[in-house]
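The next block holds one structure in the form of structure tokens; read it before the comments.
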């Protein structure tokens, strides 16, 4: 039963990664390749958290242990509900100073 639910989610992940690859950067003076790589990484973190939630019923960062993180980037857990119902991750990078990606059950936002 889990497989039937995971297939559409995996398809959505692949489509979002393809769409993200086509999105232009709006950050002046920043390397577009680095921005795109971090945007994709943030999307992968979001989808891994969602897949973990679908499988276990709670959010857990255990699903991020082997997530590919670009050189100079790191994710930080900013908020986490004690019952595993909510979270906030922040993705930063030394390659893109002053910009963060916020990952939560609502999705990914760049600031």
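Any read-out appearing in this document is the output of simple, stated calculations on the displayed coordinates, not a laboratory observation. Computed from a prediction, not measured in an experiment: that's the story for all the values here. Reconstructed Cβ throughout: ideal geometry from the backbone, glycine too, with neighbour counts over all protein chains shown.
Of note:
- Three-way shape call for the range 36-101 based on the alpha-carbon gyration tensor, with the a/c threshold at 1.5: prolate
- Spin-label pair residue 67/residue 102, simplified geometry with 7 Å Cα→Cβ offset, distance in nm: 1.6
- Rounded FRET efficiency, nearest 0.05, which uses the C-beta distance separating residue 109 from residue 83 and R0 of 22 Å: 0.40
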